[in-house]
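The structure under discussion appears below in the form of structure tokens.
The values are calculated or read from the model by the stated rules, or taken from the named source; none is laboratory data. This one's a predicted model, so the numbers in the text were calculated from it and none came from an experiment. Note that we place each Cβ from the backbone using ideal geometry, even for glycine, and neighbour counts take in every protein chain shown.
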Amino acid sequence: MQIVKPLTDGEVERIHEASEEILATVGLHVEHEELLRRLKAGGATVNETNGNVRIDPPLLRDLMKTIPASHTICQMDGTEDVVETGSKHFLTSIIMPRVIDLDTGKPRRPTMADLRRNNAVAQRLEPVKGIYRMEEPTVEEKVTSSCLDGLEEYICNNGKHIIMFGTNQQLLDRCMAIGQIISESQNIPLSKLITSSCPIMTPLYVPQFYGEYMLRSCEAGFAVFGCISPNAGATAPYSFAGSLVVGNTENLFVAAVSQIIRPGIPYFYMYSPSVTDMRTGKGRFYSMDRSIARSVLAQMGRFYNMPYISDCCGSMPPRFDMQTGAESFSAMLTSYSTDPAWLGALGVGQNGLSFSAEMLLIHAAWLEAAKFLDRGIMVDEKHLGVENIRQAGPGGEFLTDDLTLELLREGEFFSNDLFDMTGTEDGKSIMERAREKVDEIVEGFESPLPGDLQEKLRRYFHDERRVG
């Protein structure tokens, strides 16, 4: 199912060649001394005086060959899931800088109750295989607490694979320690419990902490992906292709670093661009432009034989309106049709700043709609129904026909509990239905973790507070 006009093979090759040229002649600036040493030992051209790192095409191509096409992750109970191109697993956040209040319709700061509500829904959704949590303080927390209460609430009630976004040294240390506790308690390799997002400061810059984060994530054997977010007009050329060259170059750099540090660890291609609105100076992350990026990132991932991550939702307005529906459903259709390994950005709105448990459920319903549209129709002998038409004859009816009874509950036609399929004036809106479902999920939620593991984790958080 093609949604966006794809690049030609020749155009993909041109993007690749341009990125190779930038990586070999311009390079990236790296401020981490140990990472510079390791990259030099691995064959990269390193200027230790100014921190410039360049990677020649032959070395890059050799490093790309060691990236596996699939990776097995674990949930907290040991359940395994294979992540590869086409696996289409969901990953979602449970907190953002804002939530959209359903009663007022306005964005506001998140509370601990919001975090619990969002997490309960994420835990319930079977397609969600990975969860990340932005380091964002709730109303009840002080920024100086480093969001420890929110981190404890998330970790002690999370049964899903952990997606780690390290934003500071303290959080990185805590995630490593928490992962080790879970690994030892559940007898699961640490490398299967955590996938790590390694950021680049666009354009082409790796500051000290990002270098430390990248190095430690790779040393631990985590699957990694670059958090690659060029902004057209600000940190990248003001063109789709120019922004893609910057993002592709940064992807190739993080991928190469991962294989130099620990050959054979999984790497996921990820490209999350935005564009500067020249009228306001603000970045637009989730306008319609983004669907083109979703399409081309898949083409680049396939070109390199790398599994890839595509955000499948998100919208610009801080409202639940028709624009939100149009932008986020077009995102779902585009991303789903490209066969990614991971689908992200569920529940996200307001240009990536807000989150809603209700939208998380709605986006999951849109996944079912995308699956349905992608499936098409069956035209085998049974579904053609020639014999059924013959038996009914002219003027016949099919209400009690054998084929009707057989296919009635087999999903031949689209149905989803969140969609209003009544066509009547008193039908409930999709948001009303989602809110009722969220309330039901939250009321019955219990932590999926065993009691002994919860106790070990809470003891860790108790000790962290005592240390300060």
Quiz item: Looking at the stretch 276-290, which of its residues are within 17 Å of the chain's Cα centre (by Cα) and under 14 Å from GLN323 (Cβ atoms)?
Solution: TYR286, ARG290
Practice problem: Go through the stretch 383-400 and give me each residue that's among the β-branched types (Val, Ile, Thr) and either assigned to a loop (DSSP other than H, G, I, E, B) or over 48 Å from the mean Cα position of the chain (by Cα) (or both). | Solution: THR400
Quiz prompt | In the stretch 145-168, residue modelled with the highest pLDDT [restricted to those that are surrounded by fewer than 20 Cβ atoms within 10 Å (Cβ to Cβ) and in contact with a Phe, Trp or Tyr (Cβ under 6 Å, 6 or more places away or on another chain)] | solution = GLU152
Quiz item: Somewhere in the stretch 418-437, is a residue exposed (fewer than 13 other Cβ atoms within 10 Å of the Cβ), over 17 Å from GLU153 (Cα atoms) and among the aromatic types (Phe, Trp, Tyr)?
Solution: no
Exercise. Answer with yes or no whether TYR286 is outside any helix (DSSP H, G or I) and buried (at least 24 other Cβ atoms within 10 Å of the Cβ).
Key: yes
Quiz item: ARG375 is checked against (1) surrounded by 12 or more Cβ atoms within 10 Å (Cβ to Cβ); (2) under 30 Å from ILE3 (Cα atoms) and fails just one. What number does that condition carry?
Solution: (1)
Practice problem: Please work out if GLY325 is surrounded by fewer than 18 Cβ atoms within 10 Å (Cβ to Cβ), at pLDDT below 95 and not β-branched (Val, Ile, Thr). | Solution: yes
Quiz prompt | All positions within the stretch 332-351 that are assigned to a helix (DSSP H, G or I), out of contact with any His (no Cβ under 9 Å at 6 or more places or on another chain) and surrounded by 23 or more Cβ atoms within 10 Å (Cβ to Cβ) | solution = THR334, SER335, TYR336, GLN350
Quiz item: Which of the residues that make up the stretch 300-317 are among the polar types (S, T, N, Q), crowded, with 19+ Cβ neighbours inside 10 Å and either more than 27 Å from SER356 (Cα to Cα) or modelled with pLDDT under 95 (or both)?
Solution: SER315
Exercise. Just one of (1) in a helix (DSSP H, G or I); (2) exposed (fewer than 11 other Cβ atoms within 10 Å of the Cβ) trips up ARG409, so point out which.
Key: (1)
